[in-house]
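Structure first, commentary second.
No lab work stands behind these numbers, since they all come straight from the coordinates. Worth saying up front: this structure is predicted, and the values here are computed from it rather than measured. Here the Cβ is made from the backbone with ideal geometry for all residues, glycine too, and neighbour counts use every protein chain on show.
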Amino acid sequence: MALDLSKVNKVHFIGIGGIGISAIARLFLQSGKQVTGSDQTLDSPVIAELKKRDAKIYHGQRARQVPRQVDLVIYSFAISEDNPERRAATRRGLPLLSYPAALGLLSQGKFTIAVAGTHGKTTTAAMLGTICRAAKLDPTVIVGSLMKAGKTNLWIGRSDYFIVEACEYRRSFLHLSPRILVITNIDNDHLDYYRDLADIQSAFAALAAKVPRGGKVITEKKYGQIKLPIRLLLSGRHNQRNAQAAIAAAKAVGVSERLARQALSKFRGTWRRFEAKGRTRRGALIYDDYAHHPTEIRATVQAARERFPKERLVLAFQPHLYSRTKLLFSDLAESLAAADEVLLLPIYAARERPDSAINSRLLAAAVSQAGTPTRYFGTFQTAEKYLNQQLSRGDLLLTLGAGDIFVLGEKLRYPH
């Protein structure tokens, strides 16, 4: 769609509370545009921040909430075609963009640095943004989480540098045209969309092909040359690799390795990435992580063992998507079995409809069969009651998943 953003004054966002799309809403607000939006929940820090900046936000989605006069409608990938607001915008012939398409449009004319990869892209993009800010490059940075520094998913800069987390789902990152591309890794995920690993690799190859002559593609072969260890506040070998990738990308825009390492020594991480939440009433530690793929679970468990070698590790896991749970079932069971005890919560459906062929009870049975004590809980309330009774000093509870499992840890934290 040929759209001149300079002529857009009123923008409506469907699913405005999404961690990526909310950053775009803030960018528009910062540039003086009028922003409205809707979301299924209004209880989130990103919604609160948008309201503070005078965005008008509705609870739930209804056709009448799309303003009578609006120049552009942007929708989250979680919004289906039959969503009433999306249908209303289509029926009225309004300019309509997905979040990835809008991100691509915003990046045009910028020196775009895209951080892609199945795992680690959020932390790597945040690390790179931290380095470039320390180097006074004044970049705009968009990541798919809240950075601890400022508790924000967006840093607005005045230079042409545009650092963005690039998501591979449905090949959405192909809306970007990066001058520098970082690929942290490629793994078998989003198999509800991709046929197989080769199909996923083809998407990354297509993105790499968009990097112009004179640009750079930074892969593990390149960033693996950065000497380890790197002094970090974060635990885990995966974060050492993330730091290597960020330093390599920073060097590609002229930042010295010394300055990059110094900046990363103060990096405090992002929301829901091995995040300390506090302690329970009886003194057990509570940490939370977004890990929902077997590779991520293994990396997070390794980081927990490294940081707390003497604690008994209890995982509370909420599987994310029926399709992912079914397709990666054996690998999920194996990765979870590395804990000392596992609690399984119901599958977080997100954008999918229920699938009666797969459930968390089946996954709990498979983890138990691998030799790790495992229990299934149908609600957060029953899991909370059990954990309040069982956890004490010397235990480490790690809540895992891409849904709302973090709420469980927050309910167990004392005081609330």
(request) For Ser330 paired with Thr382, estimate the spin-label separation in nm (one decimal), with each label point 7 Å from Cα along the Cα-to-Cβ line. (result) 3.0
(request) Work the Kirkwood hydrodynamic radius out for the stretch 328-416: mean of 1/r over every pair of different alpha-carbon atoms, inverted, in Å. (result) 14.0
(request) Among the listed pairs Lys110/Lys251; Lys10/Lys277; Lys10/Lys266; Lys277/Lys310; Lys310/Lys411, give every one whose C-alpha distance is greater than 27 Å. (result) Lys10/Lys277; Lys10/Lys266
(message) Around Asp71, under 15 Å between beta carbons, what's the net of Lys plus Arg minus Asp minus Glu among the other residues?
(response) +4
(message) Give the separation of the Cα centroids, the stretch 247-315 to the stretch 363-395, in Å.
(response) 23
(request) For Lys227 paired with Gln30, estimate the spin-label separation in nm (one decimal), with each label point 7 Å from Cα along the Cα-to-Cβ line. (result) 3.6
(message) Relative contact order of the stretch 35-163, please, whole-number percent, based on alpha carbon pairs below 8 angstrom and at least 6 residues apart.
(response) 17
(request) Within the stretch 16-86, list the trypsin sites (Lys or Arg not before Pro) lying in a DSSP loop whose Cβ has at most 13 other Cβ atoms in a 10 Å radius. (result) Arg53, Arg62, Arg68
(request) Please sort by residue number the trypsin sites (Lys or Arg not before Pro) in the stretch 119-228 whose DSSP state is loop and whose Cβ has at most 13 other Cβ atoms within 10 Å. (result) Lys136, Lys151, Arg158, Arg195, Arg213, Lys227
(request) Considering the options Leu328, Ala303, Phe162, tell which one lies farthest towards the positive end of the dipole of the chain, charges being +1 on Lys and Arg and -1 on Asp and Glu at the Cβ, about the Cα centre. (result) Phe162
(message) Counting only other residues whose beta carbon sits under 9 Å from that of Tyr322, what net charge do I get with K and R as +1, D and E as -1?
(response) 0
(request) Give, in nm to one decimal, the length gained when the segment between Gln262 and Glu410 is fully stretched (0.36 nm per residue of separation minus the Cα-Cα distance). (result) 50.0 nm
(message) Given a 10 angstrom Cα cut-off, can you work out which residue in Ser31, Ser159, Ser76 is the most mobile in a GNM of the chain?
(response) Ser31
(request) Subtract the Cα-Cα distance of Arg351 and Gln369 from 0.36 nm times their separation in residues, and report this length gain in nm to one decimal. (result) 3.5 nm
(request) Would you mind computing, in nm to one decimal, how far apart the modelled labels at Asp196 and Leu362 are, each placed 7 Å from Cα along Cα→Cβ? (result) 2.2
(request) Go from 0 up to the bin containing the longest alpha carbon distance in the chain, width 20 Å each, and give me the % of pairs per bin. (result) 26, 58, 16, 0
(request) Please give the contour-minus-distance gain from Leu5 to Arg62: 0.36 nm per residue of separation, less the Cα-Cα distance, rounded to one decimal in nm. (result) 18.0 nm
(request) For the stretch 210-320, evaluate the Debye formula with one uniform point scatterer on each Cα (no solvent term) and list log10 I(q)/I(0) at q = 0.13 Å⁻¹, rounded to two decimals. (result) -0.61
(request) Fewest Cβ neighbours within 10 Å first, please rank Met147, Met127 accordingly. (result) Met147, Met127
